[in-house]
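The values are calculated or read from the model by the stated rules, or taken from the named source; none is laboratory data. Values in this document were obtained by computation on a predicted structure and should not be read as measured data. Neighbour counts are summed over all protein chains in view; Cβ atoms, including those assigned to glycine, are modelled from backbone coordinates with ideal geometry. Just the protein is used for accessible areas: all its heavy atoms, side chains included, with ligands, DNA and RNA removed. Shrake-Rupley method; radii C 1.70, N 1.55, O 1.52, S 1.80 Å.
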Amino acid sequence: MILLGQPVAGAVALGASLAAVGAAYAGIAAVCAQLTESSRAANGLASAVLGATYLFRAIGDSAGDLSWLSWLSPIGWGQQVRPFAGERWWVLVLPVAAAALGVWGAGLLVNRRDHGAGLWAARPGPARGPRLNSAFGLAWRLQRGSLVAWVISFAVVGGALGGIAQDMTGLVNTSPQLREIVARLGGVNGIVDQFLSAFLGLFGLVAAVFTVQAVLRLRNEEAGLRAEPVLATRVGRIGYAGSHLVISLVGGAALLVVGGLVMGVAQGLRVGDVGRQAGDVLVGALVQVPATWVLAGVALVLFGLLPRLTSAGWAAVVVCLLLGQLGPTLRAPQWLMDVSPFTHVPKLPGGTFTGTPIWWLLAVSAVLIVVGLAGFRRRDIG
């Protein structure tokens, strides 16, 4: 930012706020790691905290009478530093203190739990195992708890965002300049549609996190030496991998359907037109599905061809997130923006629907899936 000619104080405040917010969540993650026995559960708990605090920040920034909610979120603290807008350095004390408190609390908890266990005791399993008559039954058994948690999260966040979308119209009265901008965008309905479209884009990225996580469960099972006994039976490799892939693809689509439908219904209840609003927002959510499938295909290709590099699937998600959030601000070249499949998704509601990019994304995801399954079928297990 300094090289681009921005003030030094603002650039330092921006970097410091990003680092401090990251440190605060690292402290939260350190505490979560002491509470649960498995890293998967710790990741889920920390992600739930991240999602809740992001929601606090979103509602606090959107609804004037609930602005105090932003102060319950480390993300809100980072914004309150106000880089390039009259820096408030004292706000940095909050995320730094949260990070220090998290590390200190994790240090206390680690001495109170058994080695290899969490502070929360794991529940004993059932006396009899379930009957698993198929590879899909096993995959569903392994993935269903995570999917249910994701669905509930999408429903809650979708309802909250849909409930505050109409409050964007109150911002129009804040300045003549804003009223002029909103008029160019298509009036009050334009700004509400842009708000919904922006968060549906984020929903797509978050749903992609689930699709990649579900696919990479294949690698976890293989590395944990649980895949080989299954494949030693009549279960074929394509059926085994395809079972997890189906849950990944259908589950990701289900998340977007639930989130979009609840968001649309909440918005419709505010404006008294549930039918039209629910339909428009649901379509805006559905067009995100092919992009999430592309990232699932990338993860499957890595698993099938380069299993030791499957963690790079998360790098693909991060790249899409950075391009979507920072690309326009930094004026990234179009060829770089086109790397993300979400760049090609129609911006709905409010935008124009075009089917060509949807078909291309579906074709790319299909090719990636075929390549990934073919690679897994040919390579050694281990």
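Listing for the model above:
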quantity: Sole exception among (1) open to solvent by 70 Å² or more (accessible area, probe 1.4 Å); (2) assigned to a helix (DSSP H, G or I); (3) touching a residue at least 60 places away in the same chain (Cβ under 8 Å); (4) not β-branched (Val, Ile, Thr) for residue 368, by number; calculated: (1)
quantity: Of residues in the range 24-44 being of a type outside the set (Asp, Glu) and part of a loop (DSSP other than H, G, I, E, B), the one most open to solvent (accessible area, probe 1.4 Å); calculated: 38
quantity: Failed item, numbered, when residue 234 is tested on (1) open to solvent by less than 50 Å² (accessible area, probe 1.4 Å); (2) outside any helix (DSSP H, G or I); (3) of a type outside the set (Asp, Glu); calculated: (1)
quantity: The range 195-236: number of residues that are of a type in the set (Lys, Arg), over 24 Å from residue 314 (Cβ atoms) and touching a Phe, Trp or Tyr at 6+ places or on another chain (Cβ under 9 Å); calculated: 0
quantity: Residue identified as in a helix (DSSP H, G or I) and closer than 30 Å to residue 217 by Cβ among 75, 59; calculated: 75
quantity: Members of the range 322-337 found to be assigned to a helix (DSSP H, G or I) and out of contact with any Phe, Trp or Tyr (no Cβ under 9 Å at 6 or more places or on another chain), listed by number; calculated: 322, 325, 326, 327, 328, 329, 330, 334, 335, 336, 337
quantity: Leading residue by the ranking (farthest from residue 286 (Cα to Cα)) among those in the range 340-354 that are open to solvent by less than 90 Å² (accessible area, probe 1.4 Å) and hydrophobic (A, V, I, L, M, F, W, C); calculated: 342
quantity: Residue within the range 216-226 that is polar (S, T, N, Q) and open to solvent by 10 Å² or more (accessible area, probe 1.4 Å) present; calculated: yes
quantity: Filter result (open to solvent by 80 Å² or more (accessible area, probe 1.4 Å) and more than 20 Å from residue 6 (Cβ to Cβ)) within the range 82-107; calculated: 90, 93, 96, 101, 103, 104
quantity: Enumeration of residues in the range 45-63 that are free of Cβ contacts under 8 Å to residues at least 40 places away in the same chain and either among the β-branched types (Val, Ile, Thr) or open to solvent by 20 Å² or more (accessible area, probe 1.4 Å) (or both); calculated: 45, 46, 47, 49, 50, 52, 53, 54, 56, 57, 61
quantity: Boolean, residue 112 is at pLDDT 80 or above, surrounded by fewer than 20 Cβ atoms within 10 Å (Cβ to Cβ) and more than 20 Å from the chain's Cα centre (by Cα); calculated: yes
quantity: Residue within the range 257-264 that is modelled with pLDDT of 95 or more, farther than 19 Å from residue 154 by Cα, surrounded by 14 or more Cβ atoms within 10 Å (Cβ to Cβ) and of a type outside the set (D, E, K, R) present; calculated: no
quantity: Checklist (1) open to solvent by 70 Å² or more (accessible area, probe 1.4 Å); (2) in a helix (DSSP H, G or I); (3) modelled with pLDDT of 75 or more applied to residue 151, failing item; calculated: (1)
quantity: Test result for residue 250, open to solvent by 40 Å² or more (accessible area, probe 1.4 Å) and assigned to a helix (DSSP H, G or I); calculated: yes
quantity: Meets criteria (at pLDDT below 95 and either surrounded by fewer than 19 Cβ atoms within 10 Å (Cβ to Cβ) or assigned to a helix (DSSP H, G or I) (or both)) for residue 294; calculated: no
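Quick grid of which residues meet (1) more than 22 Å from residue 250 (Cα to Cα); (2) among the hydroxyl-bearing types (Ser, Thr, Tyr); (3) open to solvent by 30 Å² or more (accessible area, probe 1.4 Å); (4) modelled with pLDDT under 90:
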{"site": "322", "(1), (2), (3), (4)": "yes, no, yes, yes"}
{"site": "326", "(1), (2), (3), (4)": "yes, no, yes, yes"}
{"site": "334", "(1), (2), (3), (4)": "yes, no, yes, no"}
{"site": "360", "(1), (2), (3), (4)": "no, no, yes, no"}
{"site": "382", "(1), (2), (3), (4)": "yes, no, yes, yes"}
